[in-house]
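The values are calculated or read from the model by the stated rules, or taken from the named source; none is laboratory data. Since this is a predicted model, take the numbers as computed values, not measurements. Virtual Cβ from ideal backbone geometry, glycine too; neighbours counted across all protein chains shown. Surface accessibility is based on the protein's heavy atoms, side chains included, excluding ligands, DNA and RNA. Shrake-Rupley method; radii C 1.70, N 1.55, O 1.52, S 1.80 Å.
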Amino acid sequence: MTLTSLSFFAFVFATLVLYYIIPKKFRWIVLLAASAAFYGIVCLKYMPFIVFTAISTWLGALWLDKVANQRKAELKEHKADWDSDTKKAYKHKTLVNKRLILALVLVLNFGILAVIKYFDYISEWLSGFLPVPAISLGILLPLGISFYTFQSMGYIVDVYWGKTAPEKNFAKFALFVSFFPQIIQGPIAIYDDLAKQLYEGHDLQYENIKNGFILILWGLFKKMVIADRLIVILNAILDNRPGLYNFFGAIAILVYAAQLYMDFSGGIDISRGVAQMLGINMAYNFKRPFFARTVADFWRRWHISLCHWLRTYLFYPIAVSKAFLRFGKWIGSHAKKKDLPADSVWGGFTFIEHAGRVVPGCIATLLTFLIVGMWHGANWKYAGYGLWNGIIILVSMLLDPVFKYVINKTKIRTQTFSWRLWQIFRTFVITMVGFAFDIGNDMADSARMVLDCLNPLGRAASVPAELNIGLKISDYAVIVVGLMIVFAVSLYQERSQKSFRDTLGKQSIWFQWVIMLGLLLGVVILGMYGPGVAANEFVYMNF
Amino acid sequence: MEEFIEKLKLIKKGVDFENETELFDGGFLDSFDVIQIITMLDEDYEITVPPSEIVPTNFNSAKAMFAMMQRLEDE
């Protein structure tokens, strides 16, 4: 039952009917039952994994809360009779206890994820140069394991930090972990943003049903009309690449970028649309990423929920840790103090002073992007993908004052359309290089694909390949028109910073229905069906 | 407060720290700027900002940052 199947929509319809006919107080139980049923239908065999994560995280959070409450009570009780050293020692002891509980839950859950995701690959890799046989665990990835693990671990850290009160009711917490629209490919939710919405019953509202329906149609359009055609082209090129001209590598990267965006964002639109029909607002996961003007900006627009998670629970804790702050201070202490003007090369500082200010953040960035890369799959090429993005951001942060100095000295007009266009183009090219790591066979192959773009008419093999893509001219026309429609909507959203659905909602009811029926017909008539394409799963489904 | 704003201006030039109320949400400050502010609080005021405090509401205005600073100082 994929997000584009009729059975899924029958399932959603049944859930909606049940949700809205039973009393508001019990509506969350319908969501839990639907989520459990969905997981059971799609991935019953591996259900114990998600149950384990839910139970261990729930218990861990309650344990943390118990320690925190005990600490508060003890400190209150001994406010008068404990001196400051005793209080300090007690606080330290309880902090260590809390850290141990947190570490236990994190190690257990990330451990399971790491073993299932990476064990087979690492075992095979090691067997290549060590006298040990490659061992396979024979476990496929349980549905949504990366997403529900990250979501649950975010919750336990929030409870540890005291930002979130732990959920006492296990059934309610299990719903937060397993909410069915998001279990396939996210977005990864923050507990405080989602949980309350799940637990309170929502009224049936025409606006929610209509806007959710439009979002689902939009997602289906991106996935079934565009992405499922692009994947045919992508596979044909990748299968025949050694015999094709090198420029096909560049075409493959561009097709992949469009396919991935249409596939992933389309799937997220469907999930968010289903949630909206239930009155639940899920986090945004994309914000027109190809309009980004820097690589850092791209990562604020692409897979937003993962990046937000990593920034909150990994990047900041590393960057503001005592060790990193001390390291920055240590670098800065080597600088000779000079009174430099603000428009000097390093922005009013010496190079060493500037390095002391940004290097801790740069190292944290590199580590974060290494994790981003490794999250994408068990292959060293994904580490390359992460490092490529991390190094670009690191260099741009390190040299930021120099770029500003050069721009200032050369009097480049940065408020112009042409400059913005250049920035978007530059970011696009850098991002495309990163995507080559996704579609190359390994790190070396990915690097070769990028370098081959410098010699577009060369070939890897002497025998030319016959490229039989298997699409009709009309399919190419559908792709081009489809991408133009997505581009036009994105351009409108980018320029107006408004939701297209809100704008549509202000039009006459007839016009709204014409657009909706047009989208519905577009999906029904132009969607890719049949045995060859029905098996197209979402790219991010196996994460 | 004025001294604190002057220090913020040394970290990020050209930002209206006196009046802006969406410093983080509005994109005037990025995560690197936030780290530099936290470094400054550690160096100049001996205040440790834990990662749990790094939320937009604490960094959207100089006033919010100052309030966070005072709260952490009291703790």
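Brief remarks on what is shown
- From the options A:Pro187, A:Pro242, residue that is modelled with pLDDT under 95, farther than 15 Å from A:Val486 by Cα and surrounded by 23 or more Cβ atoms within 10 Å (Cβ to Cβ): A:Pro187
- For region A:275-283, the criterion of being more than 30 Å from A:Glu167 (Cβ to Cβ) and part of a helix (DSSP H, G or I) is met by none of the residues.
- Summed over region B:45-61, the residues that are in contact (Cβ under 8 Å) with a residue 12 or more places away in the chain and surrounded by 17 or more Cβ atoms within 10 Å (Cβ to Cβ) give a count of 7.
- Helices (runs of 4 or more DSSP H) fully within chain B counting 3 or more residues that are within 12 Å of chain A (Cβ to nearest Cβ): B:2-11, B:31-45, B:56-59
- Residue that is nearest to B:Thr39 (Cα to Cα) [pool: residues in region A:332-352 that are open to solvent by less than 30 Å² (accessible area, probe 1.4 Å) and within 11 Å of chain B (Cβ to nearest Cβ)]: A:Gly332
- Selection from region A:303-331 of residues that are part of a loop (DSSP other than H, G, I, E, B) and open to solvent by 30 Å² or more (accessible area, probe 1.4 Å): A:Ser321
- Evaluation of A:Phe435 against (1) surrounded by 16 or more Cβ atoms within 10 Å (Cβ to Cβ); (2) more than 21 Å from the chain's Cα centre (by Cα) (one fails), failing number: (2)
- Matching residues, region B:13-44, being surrounded by 14 or more Cβ atoms within 10 Å (Cβ to Cβ) and touching a residue at least 24 places away in the same chain (Cβ under 8 Å): B:Phe17, B:Glu20, B:Leu23, B:Phe24, B:Leu29, B:Val34, B:Gln36, B:Ile37, B:Met40, B:Leu41
- Any hit, region A:10-26, residues being open to solvent by 60 Å² or more (accessible area, probe 1.4 Å), under 27 Å from the mean Cα position of the chain (by Cα) and not hydroxyl-bearing (Ser, Thr, Tyr): no
- For region A:353-369, the tally of residues that are facing another protein chain (nearest Cβ under 9 Å) and among the hydrophobic types (A, V, I, L, M, F, W, C) stands at 3.
Rundown of residues vs (1) more than 14 Å from chain B (Cβ to nearest Cβ); (2) modelled with pLDDT of 90 or more; (3) open to solvent by less than 10 Å² (accessible area, probe 1.4 Å); (4) in contact with an Asp or Glu (Cβ under 6 Å, 6 or more places away or on another chain), yes/no style:
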{"residue": "A:Leu104", "(1), (2), (3), (4)": "yes, yes, no, no"}
{"residue": "A:Gly111", "(1), (2), (3), (4)": "yes, yes, no, no"}
{"residue": "A:Asp120", "(1), (2), (3), (4)": "yes, no, no, no"}
{"residue": "A:Ile135", "(1), (2), (3), (4)": "yes, no, no, no"}
{"residue": "A:Ser146", "(1), (2), (3), (4)": "yes, yes, yes, no"}
{"residue": "A:Phe173", "(1), (2), (3), (4)": "yes, yes, yes, yes"}
{"residue": "A:Val177", "(1), (2), (3), (4)": "yes, yes, yes, no"}
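- Residue check, A:Ile233 open to solvent by 10 Å² or more (accessible area, probe 1.4 Å), in a helix (DSSP H, G or I), among the β-branched types (Val, Ile, Thr) and in contact with a Leu (Cβ under 9 Å, 6 or more places away or on another chain): yes
- Qualifying position, being closer than 30 Å to A:Gly356 by Cα, assigned to a helix (DSSP H, G or I) and free of Cβ contacts under 8 Å to residues at least 24 places away in the same chain, among A:Leu394, A:Leu387: A:Leu387
- When region A:378-391 is filtered for residues that are of a type in the set (A, V, I, L, M) and open to solvent by less than 40 Å² (accessible area, probe 1.4 Å), the ones remaining, listed by number, are A:Ala378, A:Ala383.
- Restricted to helices (runs of 4 or more DSSP H) entirely inside region A:427-543, those with at least 3 residues that are at pLDDT 85 or above are A:443-452, A:473-496, A:500-505, A:509-526.
For every residue, the table says whether it meets (1) in a helix (DSSP H, G or I); (2) touching a residue at least 60 places away in the same chain (Cβ under 8 Å); (3) of a type in the set (Lys, Arg); (4) over 12 Å from A:Ser178 (Cβ atoms).
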position: A:Thr2; (1), (2), (3), (4): no, yes, no, yes
position: A:Ser7; (1), (2), (3), (4): yes, no, no, yes
position: A:Ala10; (1), (2), (3), (4): yes, no, no, yes
position: A:Phe13; (1), (2), (3), (4): yes, no, no, yes
position: A:Leu16; (1), (2), (3), (4): yes, yes, no, yes
position: A:Ile29; (1), (2), (3), (4): yes, yes, no, yes
position: A:Lys45; (1), (2), (3), (4): yes, no, yes, yes
position: A:Ile50; (1), (2), (3), (4): yes, yes, no, no
position: A:Leu59; (1), (2), (3), (4): yes, no, no, yes
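- Every listed requirement among (1) more than 14 Å from chain B (Cβ to nearest Cβ); (2) in contact with a Gly (Cβ under 6 Å, 6 or more places away or on another chain); (3) part of a helix (DSSP H, G or I); (4) open to solvent by less than 70 Å² (accessible area, probe 1.4 Å) is met by A:Pro401 save one, (1).
- Residue under evaluation A:Asn408, criteria (1) within 20 Å of A:Lys338 (Cβ to Cβ); (2) touching a residue at least 60 places away in the same chain (Cβ under 8 Å); (3) not in a helix (DSSP H, G or I), criterion not met: (3)
- Considering (1) within 9 Å of the chain's Cα centre (by Cα); (2) over 27 Å from A:Val157 (Cβ atoms); (3) open to solvent by 20 Å² or more (accessible area, probe 1.4 Å), the lone condition that B:Ala64 does not fulfil carries the number (2).
- Whichever residue in region B:1-12 is at pLDDT below 85 and out of contact with any helix residue (DSSP H, G or I) (no Cβ under 7 Å at 6 or more places or on another chain) and, among such residues, is surrounded by the most Cβ atoms within 10 Å (Cβ to Cβ): B:Leu10
- Checked against the criterion of being more than 17 Å from A:Leu254 (Cα to Cα) and open to solvent by 100 Å² or more (accessible area, probe 1.4 Å), region A:448-458 has at least one qualifying residue.
- Pairs are defined by a Cβ separation below 7 Å, a sequence spacing of at least 6 or placement on different chains, a first member in region A:276-287 that is more than 19 Å from A:Leu18 (Cα to Cα), and a second member that is of a type in the set (Val, Ile, Thr) and open to solvent by less than 20 Å² (accessible area, probe 1.4 Å); the pairs so defined are A:Asn285/A:Ile268; A:Phe286/A:Ile268.
- You will find that of A:Ser56, A:Ser7, the residue that is hydroxyl-bearing (Ser, Thr, Tyr) and open to solvent by less than 40 Å² (accessible area, probe 1.4 Å) is A:Ser56 and no other.
- Selection count where residues are touching a Leu at 6+ places or on another chain (Cβ under 8 Å), more than 28 Å from A:Asp297 (Cβ to Cβ), open to solvent by less than 40 Å² (accessible area, probe 1.4 Å) and aliphatic (A, V, I, L, M), scope region A:461-519: 4
- Residue in region A:245-258 that is over 18 Å from A:Cys453 (Cα atoms) and in a helix (DSSP H, G or I) present: yes
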